[in-house]
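Beneath this line is the structure, given in structure tokens, with notes to follow.
The values are calculated or read from the model by the stated rules, or taken from the named source; none is laboratory data. From a predicted model like this one, the values you see are computed outputs, not experimental measurements. So basically every Cβ, Gly included, is an ideal-geometry build from the backbone, and we count neighbours across all protein chains shown. Only protein heavy atoms, including side chains, enter the accessible area calculation; ligands, DNA and RNA are left aside. Shrake-Rupley method; radii C 1.70, N 1.55, O 1.52, S 1.80 Å.
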Amino acid sequence: MKKIYLDYAATTPVDKEVSRKIEVFSEDKFGNPSSLHSFGQEALFAMDHSREVVADFLNCKRKEVYFLSSATEANNLAVFGVLKKRNDPHVIASPIEHKAVLEPIKRSGASFDHLPVSSDGIVKKEKLKELIRENTVLVSIGYANSEIGTLQPLKEISEIIREENKKRKEKIIFHTDAVQAANYLSCDVQSLGVDLLTISGHKMYGPKGAAALFIKEGVDVSPIIYGASQEKGLRPGTENVYAIAGLAAAIEVLDKNDNERTEELRDRIVRGVLSELPDAKVNGSMKDRLPNNINFTFKGAEGESIMIALDREGVAVSTGSACASNSLSPSHVLLSLGLSHEEAHGSIRVSLGRFTTKEEVDFFIEKLPSIVNKLRMISGK
Amino acid sequence: MKNKGYYSEETMKRFLNPEHFGEMKDANGVGKVGNPRCGDEMTVYIKVEEGIIKKASFQTWGCAAAIATSDVVCEMVKGKHVKEALSLTEKEMVEKLKKLPALKVHCASLAIKGLKEAIDDYGKEGK
Ligand code: FES
């Protein structure tokens with residue numbers, strides 16, 4: 001059976017070119033970048049090169065790039081690292097942020113306000129001003145949502161924060177999780193106007209185990225783990241040179257992504273599915289959206305069972321249904337858009353990627369309706 | 001044991017081709033239950049004659065495990081006396097499906113609950 005992967009938002013395969021470039025770091029150039037001998041210096045050179053590539057990508061200085069093990073770690077550093085020295089801090093984030101942002105905020109003990117989102121999954125930027133308090137220290141808004149692919153108006157938000165900061169001694173820090181966006185959108189931190197930005201290697205055709213956090217020069221971030229002086233002491237621990245070089249190599253071949261082609265495939269799926277299942281609903285704005293993301297809700301068919309039945313046909317997607325989550329609660333993102341539990345129950349996310357073909361998309365469009373209809377027969381709904 | 005798939009083959013077979021689904025017009029016991037944990041819904045229909053469950057069917061809006069366990073319940077109680085059917089346990093169902101992910105055992109419980117409600121309903125009406 002041919003297997004079709006339509007879950008690129010979960011993780012991507014490593015691009016062959018990336019694999020080829022970095023294989024040298026596993027057996028051959030395996031040194032510890034902190035060692036002064038030639039083995040170590042080889043690895044250090046790779047670290048420097050990687051930092052340069054990421055800095056170019058983000059349009060920032062090399063010293064503003066910090067490497068870590070995952071986006072979750074980067075987001076934890078962004079949140080805890082900024083809040084650590086503050087007294088009674090206040091944080092603003094949208095309710096549709098990734099758990100790797102929301103959980104650290106909740107656990108930090110900071111007071112916390114949601115910047116609300118509209119029913120199409122875009123934050124209401126006009127509400128930001130009234131949420132900002134004297135003790136607000138951090139605003140975190142993801143660039144593109146991982147479940148519904150909606151794009152947030154980062155530039156406008158940073159403009160509002162900049163205005164506000166003019167009046168302040170203690171500046172508000174603006175963080176964005178750009179993990180899902182990095183494949184398709186410019187991550188130029190100057191034009192976005194962010195102070196902190198997270199990207200992750202394994203979402204952009206690099207290996208798992210490396211992420212980068214941009215920290216604007218002058219922004220005070222404290223370490224959250226302690227050890228030796230790697231990453232200027234902000235992220236101690238021997239560097240994962242292999243994965244970090246992989247993140248950089250992935251950026252070097254990023255232009256292989258074809259936004260237009262991906263968007264066409266995305267729209268082909270939407271059209272194809274809606275023509276067979278006219279009562280299906282697309283969650284999130286179709287206008288301000290990643291070219292590779294679709295999120296559907298089907299009445300009377302539950303998402304986990306749709307996913308499992310598709311998997312049996314070789315097609316991999318994901319779902320926001322409670323039945324597929326370890327906590328048995330539905331996607332907080334879908335609920336935040338105002339979907340009922342029932343609607344979240346019948347949701348699936350389809351995310352396309354660099355290697356998705358028209359044939360694969362058509363196979364999915366062909367298989368899905370009969371699966372949904374059969375499940376509707378079983379549910380009697 | 002190595003994990004080869006999330007669900008056992010047995011569960012997959014039941015889920016993809018359940019034999020007992022559908023509303024039963026001449027049922028004389030109906031149990032409708034909802035899963036407070038994940039929000040799915042299940043209805044179990046039974047047709048009882050002289051204490052014996054002649055047929056059983058279900059309608060389930062839930063995960064693959066919920067559908068598979070509903071189907072198993074209906075199959076297992078067919079031909080049984082209602083009293084006997086009441087003693088059906090989760091464990092027996094899981095055995096029938098070879099294995100069930102730990103997270104999904106509550107779906108089997110729901111199927112049993114649906115059956116019990118159906119039997120209750122049958123008894124209540126003195127049908
Ligand atoms: S029906 Fe929700 S987990 Fe089984």
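Listed values, structure above:
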read-out: Matching residues, the stretch A:290-308, being within 11 Å of another protein chain (Cβ to nearest Cβ) and not in a loop (DSSP other than H, G, I, E, B); value: A:GLY303, A:GLU304, A:SER305, A:ILE306, A:MET307, A:ILE308
read-out: Residue within the stretch A:330-348 that is facing chain B (nearest Cβ under 9 Å), in a loop (DSSP other than H, G, I, E, B), under 15 Å from B:LEU103 (Cβ atoms) and among the small types (Gly, Ala, Ser) present; value: no
read-out: In the stretch A:260-307, the residues that are within 20 Å of the chain's Cα centre (by Cα), open to solvent by 10 Å² or more (accessible area, probe 1.4 Å) and of a type in the set (Ser, Thr, Tyr); value: A:SER285
read-out: From the options A:ASP7, A:ASP15, residue that is out of contact with any helix residue (DSSP H, G or I) (no Cβ under 9 Å at 6 or more places or on another chain), closer than 24 Å to A:ALA144 by Cβ, surrounded by 15 or more Cβ atoms within 10 Å (Cβ to Cβ) and at pLDDT 95 or above; value: A:ASP7
read-out: Of all residues making up the stretch A:308-355, the number that are touching a residue at least 60 places away in the same chain (Cβ under 8 Å), farther than 18 Å from B:ALA64 by Cβ and surrounded by fewer than 22 Cβ atoms within 10 Å (Cβ to Cβ); value: 7
read-out: 3 or more residues of a type in the set (Phe, Trp, Tyr): qualifying helices (runs of 4 or more DSSP H) within the stretch A:1-64; value: A:38-58
read-out: Hits in the stretch B:1-38 (condition: over 21 Å from A:VAL372 (Cβ atoms) and of a type in the set (Lys, Arg)); value: B:LYS2, B:LYS4, B:LYS25, B:LYS32, B:ARG37
read-out: Residue check, A:GLU304 within 16 Å of the ligand (Cβ to nearest atom) and among the acidic types (Asp, Glu); value: yes
read-out: Single condition B:ASP26 does not satisfy, out of (1) open to solvent by less than 50 Å² (accessible area, probe 1.4 Å); (2) of a type outside the set (Phe, Trp, Tyr); (3) assigned to a loop (DSSP other than H, G, I, E, B); value: (1)
read-out: Among the candidates B:GLU90, B:GLU84, B:GLU41, residue that is open to solvent by 20 Å² or more (accessible area, probe 1.4 Å) and under 22 Å from A:LEU375 (Cα atoms); value: B:GLU41
read-out: Residue check for A:GLU360: crowded, with 19+ Cβ neighbours inside 10 Å, part of a helix (DSSP H, G or I) and within 14 Å of chain B (Cβ to nearest Cβ); value: no
read-out: Failed condition for B:THR89, given (1) over 14 Å from the mean Cα position of the chain (by Cα); (2) farther than 21 Å from A:CYS323 by Cα; value: (1)
read-out: Selection from the stretch A:39-62 of residues that are farther than 23 Å from A:ASN183 by Cα and open to solvent by 80 Å² or more (accessible area, probe 1.4 Å); value: A:PHE39, A:PHE45
read-out: Every residue from the stretch A:309-328 that is facing chain B (nearest Cβ under 7 Å) and either outside any helix (DSSP H, G or I) or within 11 Å of the ligand (Cβ to nearest atom) (or both); value: A:ALA322, A:CYS323, A:ASN326, A:LEU328
read-out: Scope the stretch B:96-127; condition farther than 23 Å from B:GLU50 by Cβ, free of Cβ contacts under 8 Å to residues at least 12 places away in the same chain and exposed (fewer than 13 other Cβ atoms within 10 Å of the Cβ); matching residues; value: B:ALA102
